[in-house]
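The structure under discussion appears below in the form of structure tokens.
The values are calculated or read from the model by the stated rules, or taken from the named source; none is laboratory data. Note that the structure is a prediction, hence the values are computed from the model and not measured. We place every Cβ from the backbone using ideal geometry, glycine too, and count neighbours over all the protein chains shown. SASA here: full protein model, heavy atoms, side chains in, ligands and nucleic acids out. Shrake-Rupley method; radii C 1.70, N 1.55, O 1.52, S 1.80 Å.
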Amino acid sequence: MNAVLEVSGLTKQYDGVRAVDSLTFSLAEHTATALIGPNGSGKTTTLSMLAGLLRQSSGTIRFSGAGKDPRSAIGFLPQYPNFFPWMTAIEYMELAAGLTGIGGRDVRTACEKTLGFVGLGDAGKKRIGGFSGGMKQRLGLAQAIIHRPALLLLDEPVSALDPAGRREVMEMLKEIGETSTILYSTHILNDAEEMTDQLLFLRSGKLIEQGPLRQVREKYGGSGFRVSFSDREAAEQFAGAAPWTARVDGPAVMISGDAVSMEALLRFASEHPAGITGIGRASVRLEDIFMKVVGKP
Amino acid sequence: MNQYRLFLGKEWREQARSFKLFWVPLVFIFFGALEPLTYHFLPQILESVGNLPEGSEFTLPEMTGADVYASLTGQYQTVGLLVLVLAFMGSLSGERKSGTGTLLYVRPISYAAYYLSKWTSAVLLGAASLWLGYGMAATYIVQLYDQVPDLRDVVLFLLVMAVWIVFVVTLTLTASASLPTGGAAGAALGILFIGMMIDGLVGTYWTWSPWKLQSYGLAYLTGGPDTGDLAGALIVTAVLTALLALFGILQARRNAAKAKV
Amino acid sequence: MSITEQLAEIPWGLVWPLIAIQFVLMTAALIDLNKKRSTNGPIILWVFIIIFINTIGPILYFTVGRRHS
């Protein structure tokens with residue numbers, strides 16, 4: 001796969017403190033990558049450097065997919081986008097489009113279409129000063145995608161939205177992700193779980209874990225299994241009979257421990273088949289991984 | 001060029017919608033009307049205020065039109081400059097502080113277009129306000145005073161003053177590009193007023209300076225300036241203005257990293 | 001001299017533009033204040049400044065009173 005962005009040894013130093021410390025990763029074309037980390041872990045600083053707002057102290061950012069100015073192929077949405085309150089949404093979009101080199105007769109149509117896409121179709125002629133936080137977030141997304149950027153950088157794109165709005169914007173991002181490469185920071189792990197090909201865990205400016213969601217899951221999920229049953233009673237019976245550490249979790253049994261092999265589990269299950277509806281690897285929630293990877297000091 | 005046009009449209013709309021387009025000229029026009037009126041009716045005003053000892057006879061020197069222009073220029077050199085600096089001190093620093101600049105700086109913008117669009121609109125508004133103010137004064141002066149300067153001399157005076165205003169506005173914008181809003185206002189006003197003090201002290205020897213422009217301009221109304229010194233001062237001011245603008249563009253680019261994200 | 005005589009002596013033709021400008025500046029500042037309702041410092045203070053400090057009041061509001069949201 002083609003790498004759209006290759007980052008190597010990216011470091012930002014403020015007064016001797018390394019806010020971002022030697023990050024190395026790459027983004028493959030048309031993938032979505034979640035940058036995960038607690039507040040103050042350097043997510044915003046990283047995105048600002050990639051967007052060209054901040055100059056890195058050391059390290060390289062190689063961006064393939066743009067001509068002379070990479071900024072014309074990058075879309076950026078800050079966590080709290082700020083707009084000129086006296087402008088209308090459509091005026092702002094036209095300015096944003098024009099500054100990125102989109103000209104001609106179709107600009108207005110394109111701007112209206114993009115505003116419609118983010119759900120601001122009716123608000124185009126209204127002054128941004130009267131927009132709610134959620135509307136500003138949507139306008140922020142619209143200005144970030146108006147020039148169809150190859151790379152989209154989003155800083156906490158949905159954290160300011162209510163659950164319904166969050167859902168809606170995630171769907172938009174999935175659609176955009178079909179033609180763009182997306183790197184977004186988040187601390188809401190449900191979102192990351194839903195739309196991600198790659199995870200980057202950041203703590204105190206350092207990249208402490210990275211990889212595809214599946215790989216990270218396997219690594220931190222241990223070798224647990226999940227056996228599901230038709231009812232809780234059957235699950236409890238199975239757990240009581242099992243020779244391993246087993247925990248009943250609703251109508252299912254979680255079996256942990258490295259000593260268990262799939263083969264041994266299947267053999268045992270064939271001897272106690274009552275009520276079994278499925279057997280599989282236990283999938284750990286991202287939140288648990290987050291606590292394991294990032295949460296502890 | 002396209003970016004310059006876009007930014008200029010944005011600046012224009014911003015000036016209109018923030019009322020700047022109206023109140024800056026109105027302030028200059030206000031003083032332009034007030035000054036000639038005050039001087040003309042000063043005897044009556046003093047009389048009606050009273051407080052003069054009984055029977056005290058006092059005569060004011062006869063004012064000419066040129067005197068009123070000079071006095072108004074004094075006003076504009078204090079209140080006028082203050083208004084212009086306050087009006088434009090946040091042009092760039094405000095966009096960094098509020099974060100509205102952030103979404104501009106992540107785009108492939110030319111900082112020259114960015115700075116110069118602000119410069120153009122500020123210079124136009126500043127010069128137009130100044131001229132409207134003097135224009136208002138002129139309509140009063142021709143009605144109220146017997147001795148008035150020729151139109152040609154007034155026009156030359158206004159052109160010289162415009163060069164000074166361009167210098168003032170450029171200084172303010174470059175300060176705004178370099179410093180936070182408060183610091184920008186302080187730096188611009190500091191440089192302007194310290195320059196005037198230095199001019200007051202050693203102006204006789206320092207004949208080629210921007211701070212000399214107002215007195216050279218006024219000299220047109222009372223006979224005419226030393227054209228050699230005027231040319232020198234104009235050239236020095238033009239060079240300083242160009243350097244300030246260039247420095248402002250560089251500072252705008254350098255300080256983009258300080259924009260709130 | 002009575003007040004009416006004094007009023008009659010004022011050259012209104014020359015003075016009214018000054019009053020008009022004052023009024024326009026004041027109105028513009030008050031309209032803007034009403035629209036934005038966010039100032040540096042208490043709003044009521046700015047209302048008083050705009051109305052009672054001639055000319056300078058509205059200018060002060062436009063330069064330092066307005067807050068960019």
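Couple of notes before you dig in:
- When chain B is treated as a Gaussian network with alpha carbon springs shorter than 10 Å, the biggest mean-square fluctuation among B:L189, B:L103, B:L240 belongs to B:L103.
- Taking amide H positions as modeled 1.01 Å from N, with prolines and chain starts lacking one, the residues under 5 Å from A:G75 and 5 or more places away or on another chain are A:L151, A:L152, A:L153.
- For the segment A:77-88, counting C-beta atoms of other chains within 10 Å of every residue's C-beta and taking the mean gives 6.
- Applying the Karplus relation 6.51 cos²θ - 1.76 cosθ + 1.60 with θ = phi - 60° to region A:6-14 yields 3J(HN,Hα) values of 10, 10, 9, x, 5, 9, 10, 10, 10 Hz, where x marks Gly and Pro.
- Of the beta bridges in region A:3-218, as assigned by DSSP with both residues counted there, near 50 percent are antiparallel.
- Taking a straight line from the alpha carbon of B:K212, these aspartates and glutamates sit under 13 Å away, with near neighbours fewer than eight places off in the same chain left out: B:D199, B:D226, B:D229.
- Long-range HN-HN contacts of B:G99 with modeled amide H, under 5 Å: B:K260
- Between the helical axis of B:227-254 and the longest alpha-carbon principal axis of chain B there is an angle of about 30 degrees.
- Where only DSSP H runs of four or more residues are counted, the protein assembly as shown gives -17000 deg cm²/dmol as its mean residue ellipticity at 222 nm, each run worth -39500 (n - 2.57).
- Springs join every pair of Cα atoms under 10 Å in this Gaussian network model of chain A, and among A:A235, A:A274, A:A28 the largest mean-square fluctuation is at A:A274.
- In order through region B:3-9: 3J(HN,Hα) via Karplus (6.51 cos²θ - 1.76 cosθ + 1.60), integer Hz, x for Gly, Pro: 5, 4, 5, 4, 5, 5, x
- Note on C:10-17: average number of Cβ atoms from other chains within 10 Å of each residue's Cβ is 4.
- Degrees between helix C:43-52 axis and first principal axis of chain C (Cα, 0 to 90, nearest 10): 20 degrees
- 0 to 90° range, to nearest 10: angle between helix A:163-177 axis and chain A longest Cα axis: 80 degrees
- Solvent-accessible area of region B:2-258 (1.4 angstrom probe, protein heavy atoms only): carbon and sulfur portion equals 68 percent.
- Residue of A:G98, A:G275, A:G165 that the Gaussian network model of chain A assigns the largest fluctuation, springs spanning Cα pairs under 10 Å: A:G275
- Whole-angstrom gap from region B:2-36 to region A:49-123, using each part's C-alpha centre: 28 Å
- Solvent-accessible area, 1.4 Å probe, carbon plus sulfur percent, for region A:136-198: 45 percent
- Reported to the nearest whole Å, the Cα centre-to-centre distance from region A:190-224 to region A:231-285 is 26.
- Measuring spread by the Cα atoms of the protein assembly as shown yields a radius of gyration and Dmax of 34.1, 128 Å.
- Mean projected area in nm² (Cα convex hull; one quarter of hull surface) for region A:3-218: 11.9 nm²
- Burial of accessible area (probe 1.4 Å, heavy atoms of protein chains only) in region B:98-129, relative to its chain alone, reaches at least 50 Å² for B:T100, B:L103, B:V106, B:R107, B:P108.
- Near the amide H of A:A252, within less than 5 Å, lie the amide hydrogens of A:F229, all on another chain or at least 5 residues away, with H placed in the peptide plane.
- Accessible area per residue for chain C, computed on protein heavy atoms with a 1.4 Å probe, is 60 Å².
- Label-point separation, A:E171 to A:R285 (7 Å along Cα→Cβ), nm: 2.4 nm
- Residue pairs exceeding 31 angstrom between C-alpha atoms, taken from A:K12/B:K97; A:K292/B:K260; B:K20/B:K97; A:K113/A:K206; A:K43/B:K20; A:K136/A:K219: A:K292/B:K260; A:K113/A:K206; A:K43/B:K20; A:K136/A:K219.
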